[in-house]
Each structure stands twice: as structure tokens, then as C-alpha cells.
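Visitor: Take this structure first; my questions come after.
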Amino acid sequence: MDVRFPAFHNLLASATSGSAGVGSAGAGGSAVGSSGAVGGEESGSFSGALKDALQGVSKLQEDSATLQRQFLMGDEGASLERTMMAMQKSQVAFQAALTVRNRLVAAYTDIMNMPV
């Protein structure tokens, strides 16, 4: 089973590349989602990558919930295997998003506690 979340990979790569400033293109800025510029944000920016990653997690959770509902209703197209795989993918994606959030909060706290 190969589960990859390119938005998170690109997000982490841009955060660790040293040019993590908002508005600069990260290491994998061109492969980050297809939403384009929304609200003045570039799709290659850190905030754009974060937004795309969170939207991807949300989409996986919605797909998982839809498959669960279809399976419970007895729909022929929703097998137990597909449903369980969708649930696991959404769980892994959510855990990855939680880890990224926790690291961002820890980094922010470290920066705020630095003496001036």
C-alpha cells in the first residue's frame, strides 16, 4: 500500500528549505495543488501549501464519510475494502496535519520565547 500526500511533502520541504517566507516559492512549489491564486495568495507560498494540504485532508474525510454512508445503506459500489482504505487514508492524513500543526505551534512558541 502506497499512501503519499504530496501537499504535506511540499509543505514540509518548503518549511525546511530555509526560504519559508510567505510569498516565496518553496522546494516543490509548482506541484502544490491546483487551486491557483486565491485571495491574493500564491499557490507556491507557504500559506497556499498549508491551505491546499488542509483542503486535501478535508476532501479525504468527506470521501470516507460518503463511502461509509453508502456501505451502510447497502450500495453495491461501496465495498468494505474501499471503505476501510478510505477511512485509513483520511486518518493518516489527519494525523499528518495534526503533526504539522503541533510543530508549527512549537516553532512559533520557541520564536516568541527568544530574548530580544
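The values are calculated or read from the model by the stated rules, or taken from the named source; none is laboratory data. These figures come from a predicted structure and were not determined experimentally. Positions of Cβ are generated from backbone atoms using ideal geometry, with glycine treated the same way; all protein chains shown enter the neighbour counts. Each accessible area value is taken on the protein alone, full model and side chains, heavy atoms only, with ligands, DNA and RNA left out. Shrake-Rupley method; radii C 1.70, N 1.55, O 1.52, S 1.80 Å.
Visitor: Would you kindly derive the ³J(HN,Hα) couplings of segment 59-69 from the backbone phi angles with the Karplus curve 6.51 cos²θ - 1.76 cosθ + 1.60 (θ = phi - 60°), listing them in order in whole Hz, with x for Gly and Pro?
Guide: With the stated coefficients, segment 59-69 comes to 4, 4, 5, 5, 4, 5, 5, 5, 5, 4, 4 Hz.
Visitor: Turning to a different aspect of this structure: How far apart, in nm, are the 7 Å Cα→Cβ label points at residue 105 and residue 65?
Guide: Output for this residue pair reads 2.2 nm.
Visitor: Given a 1.4 Å probe and the protein chains all in place, what does the accessible area of residue 105 round to, in Å² to the nearest 10?
Guide: 80
Visitor: Just the accessible area for residue 50, please: 1.4 Å probe, Å², rounded to the nearest 10?
Guide: Looks like 50 Å² after rounding.
Visitor: How much of the accessible area of segment 61-116, in percent, comes from carbon and sulfur atoms when a 1.4 Å probe is used? Walk me through the intermediate numbers first.
Guide: Values: 2700 of 4420 Å².
Whole-percent figure for carbon plus sulfur exposure: 61.
Visitor: Ok, one more. Given 106, 71, 92, which one lies farthest toward the positive end of the charge dipole of segment 62-106, if we put +1 on the Cβ of every Lys and Arg and -1 on the Cβ of every Asp and Glu?
Guide: Final value for the positive-end residue is 106.
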